[in-house]
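Undergrad: Quick one: this structure, given as structure tokens, is what I'll be asking you about.
The values are calculated or read from the model by the stated rules, or taken from the named source; none is laboratory data. All figures in this text were calculated on a predicted structure; none of them were measured in a lab. Cβ coordinates were reconstructed from backbone atoms using ideal geometry, including for glycine residues, and neighbour counts include every protein chain displayed. Note: areas computed on protein heavy atoms with side chains; ligands, DNA, RNA excluded. Shrake-Rupley method; radii C 1.70, N 1.55, O 1.52, S 1.80 Å.
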Amino acid sequence: MNSPQQTTSKISPRLIYITFISVLFAVAIGDHLTSPALSNLGAPTELGNACAPCGAPCVDTKPTAD
Amino acid sequence: MAVSSPTTKQQNAPRQGLWSFGTVDKPLLALISCLGLILAGLAGLDTGLTGLALVGLGLLLGMTFMGFQYGFASGWRRFLETGDASSLSLHFLLSAVCALMFIPVSAAGLGPSGSLAPVSVSLFIGAFMFGTGMQLANGCGSGVLFSFGGGSGRMIVALPFFVIGSVLGSMILPPILAWGSLGQIEIGAGLSGTGKLAVNLLLLLGTAGFFGWLSARRGFRINRTMLVATALIGLLCWGVFWVSNHPWGVTFGFTLWGAKIASAAGLPIETFAFWTWPGPQRALAHSVFSDTSSLMDFAMIIGAGLTAAVTGAFAKSAWPNARQLQAAALGGVLMGIGARLSFGCNIGAFLAGTASGSLHGWIWFALALAGSVLGIRLRAKFGF
């Protein structure tokens with residue numbers, strides 16, 4: 001018997017999980033096969049004037065003279 | 001303060017890990033093993049040993065997090081609800097272990113470099129949102145990932161909403177960044193590599209010691225099993241740093257997944273300012289297995305899934321009630337937006353930031369802890 005904290009459902013998390021993970025990897029593999037791949041793994045912070053791990057550029061908030 | 005239900009007490013109890021082997025779920029073990037082999041094969045074909053090594057490290061991280069049930073959200077909640085600060089002590093100890101590698105290697109210019117980010121208005125807003133979200137979803141960035149990999153019904157809901165929130169966060173980060181920033185602030189900047197390491201270790205170990213002392217004073221002890229897990233995760237973080245040249249990060253992978261899906265659905269995601277920055281632009285244009293964070297996220301799911309299949313954890317999994325699933329969805333969105341605004345999660349911002357000597361990591365911790373107070377209050381509204 002389920003506790004009040006749980007939802008009674010005919011669909012188990014296991015079945016949803018199998019579906020979800022299969023779709024996730026199928027989409028990822030599809031993306032990999034249809035997109036160019038880098039010969040070296042990349043991270044956004046490696047390019048441009050990046051100031052953060054996501055690649056956000058450095059923002060100069062100081063006022064500049066005309 | 002949140003009303004404690006039996007479930008809440010169970011969730012807040014110190015975790016003991018899953019290393020008691022139950023019935024092996026052979027069909028799932030076979031499926032997840034196949035997916036892992038495909039992932040390793042594709043990564044290895046394109047990026048050789050680097051890709052294979054990172055897949056291996058991601059697998060081991062997933063296994064370690066799942067096996068030891070190592071998390072941040074529940075430990076922070078225990079501190080706020082019961083005063084047990086032992087998890088916080090371990091988290092700062094983990095950061096100190098990482099700093100032992102990150103700071104000297106960065107200072108010596110050997111290639112890998114630490115994770116610095118600006119002290120900005122967006123950091124304050126995002127970290128607070130993240131803290132609130134991680135209590136609602138019952139897991140942080142790594143927690144959502146390994147619990148999803150382990151078949152948690154709650155995280156099957158939280159993860160897609162995390163991805164959605166993360167894409168929304170990428171859209172609003174550029175204008176919010178313009179609200180103000182002090183730029184990157186390094187703790188011990190101007191000192192030699194040794195001096196910088198000493199100052200940061202003093203801060204990290206001092207904070208770990210303070211929380212350990214606080215716990216002992218309140219009658220709580222540091223769990224030795226979790227101490228072992230902390231050491232293992234620290235060593236794996238060293239490996240990721242050395243192989244990928246960067247500290248381990250989780251949430252950019254989620255943002256990339258969401259952006260790819262949005263793009264495939266016809267949304268002109270590449271025209272948003274975030275995706276015109278060189279790093280994100282390159283990630284969007286290439287395979288999801290070409291980005292370190294994304295590749296390791298996939299590997300971590302596999303690692304957690306393998307552990308859950310071997311230990312029979314899937315058989316124990318049940319759906320939380322509808323209100324808790326709603327909280328997981330809301331928590332996922334808040335964490336997604338928060339992670340982008342604050343430059344990462346407990347791993348990419350707090351752990352990597354503090355271990356790299358970046359002030360933003362400390363601010364992230366303080367604001368996420370404050371956000372957790374709100375998150376715990378909101379949990380009560382959702383009935384847990």
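Undergrad: Accessible area, 1.4 Å probe, largest first: how do B:260, B:381 sort?
TA: B:381, B:260
Undergrad: Let me ask something else. Full extension from residue B:37 to residue B:199: what is 0.36 nm times the residue separation minus their Cα-Cα distance, to one decimal in nm?
TA: Computed gain between residue B:37 and residue B:199 is 54.0 nm.
Undergrad: What part of the accessible area of chain B, given as a whole %, is carbon or sulfur when the probe is 1.4 angstrom?
TA: 69 percent
Undergrad: Using Cα pairs closer than 8 Å and at least 6 residues apart in sequence, work out the relative contact order for chain B, in percent.
TA: Over chain B, the number comes to 38 percent.
Undergrad: Using a 1.4 Å probe and ignoring any ligands, DNA or RNA, find the accessible area of residue B:157 and quote it in Å² to the nearest 10.
TA: 30 Å²
Undergrad: Tell me the total accessible area that B and A bury against each other, 1.4 angstrom probe, in square angstrom rounded to 100.
TA: In total, chains B and A hide about 4700 Å² from solvent.
Undergrad: In nanometres, what is the gap between the two model label sites at residue B:29 and residue B:82, each 7 Å from Cα along Cα-to-Cβ?
TA: Result for the modelled spin labels: 3.3 nm.
Undergrad: Also: Just how far, in whole angstrom, is region B:344-384 from region B:83-102 if you go by their alpha carbon centroids?
TA: Rounded to whole Å, the Cα centres lie 14 Å apart.
Undergrad: Hey, another quick one. Which one of B:53, B:322, B:283 has the biggest mean-square fluctuation once chain B is modelled by GNM with Cα springs under 10 Å?
TA: B:322
Undergrad: Follow-up question, since we're still on this one. Ordered by residue, what ³J(HN,Hα) values in Hz, to whole numbers, does region B:106-115 give under the Karplus form 6.51 cos²θ - 1.76 cosθ + 1.60, where θ = phi - 60° and Gly and Pro are x?
TA: Residue by residue, region B:106-115 yields 4, 5, 7, x, 7, x, x, 9, x, 10 Hz.
Undergrad: In nanometres, what is the gap between the two model label sites at residue B:265 and residue B:45, each 7 Å from Cα along Cα-to-Cβ?
TA: Each label point lies 7 Å from its Cα, and together they span 2.9 nm.
Undergrad: Which one, B:165, B:234, B:266, has the greatest fluctuation when you compute a Gaussian network model over chain B with C-alpha springs under 10 angstrom?
TA: Answer for the Gaussian network model of chain B: B:266.
Undergrad: On average, how much accessible surface per residue is there in the protein assembly as shown, in Å², for a 1.4 Å probe, leaving out ligands, DNA and RNA?
TA: Per-residue value: 38 Å².
Undergrad: Here's something else I'd like to know. With every protein chain left in place, what is the accessible area of residue B:246 in Å² (1.4 Å probe, nearest 10)?
TA: Looks like 30 Å² after rounding.
Undergrad: I've got another one for you. Taking springs between alpha-carbon atoms closer than 10 angstrom, which of B:313, B:304, B:328 fluctuates most in the Gaussian network model of chain B?
TA: Maximum fluctuation in the GNM of chain B, among the listed residues, is at B:313.
Undergrad: Here is a further query. Skipping prolines and chain starts, which residues have an amide H placed within reach, meaning under 5 Å, of the one on residue B:358, given they are 5 or more residues away or on another chain?
TA: B:187
Undergrad: Largest first, what is the accessible-area ranking of B:213, B:277 with a 1.4 Å probe?
TA: The ranking, largest first, comes out as B:213, B:277.
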